[in-house]
Amino acid sequence: MMEQDGKITLTGDDGETRELYIVESTRISGVDYILAADAESGDGNCYLLKDRSDSEEETAVYEIVEDENEINYL
């Protein structure tokens, strides 16, 4: 993941990239989360991302949160 000017660029396992706008970020129970959208304003899709990287990694590794219990908790 690359962060720049309120945007992040995600690169999937297949090498495909997707640019998202950061709506909010927070740390809960020692884990960093980002709420991101694929549109700067108006209608768009939102994604809840969870930081899975080690503190020593130079590039952050995020995954989309899909667990309903975790989503409801957040």
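The values are calculated or read from the model by the stated rules, or taken from the named source; none is laboratory data. Computed from a predicted structure; not experimentally measured. Reconstructed Cβ throughout: ideal geometry from the backbone, glycine too, with neighbour counts over all protein chains shown. Please note that ligands, DNA and RNA were not included when accessible areas were found on the heavy atoms of the full protein model with its side chains. Shrake-Rupley method; radii C 1.70, N 1.55, O 1.52, S 1.80 Å.
With all protein chains in place and a 1.4 Å probe, the accessible surface of region 1-66 carries 38 percent carbon and sulfur. Expressed as a whole percent, how much of the Cα-Cα distance distribution for the chain exceeds 20 Å? Counting pairs separated by more than 20 Å, the tail of P(r) holds 29 percent.
Computed over the chain, the per-residue total of -39500 (n - 2.57) for DSSP H runs of n ≥ 4 gives a 222 nm mean residue ellipticity of -2000 deg cm²/dmol, rounded to 500. Taking a Cβ cut-off of under 15 Å around Asp13, the surrounding Lys, Arg, Asp and Glu residues balance to a net charge of -1, with basic ones at +1 and acidic ones at -1.
For the chain, the per residue solvent-accessible surface stands at 76 Å², with DNA, RNA and ligands left out and a 1.4 Å probe.
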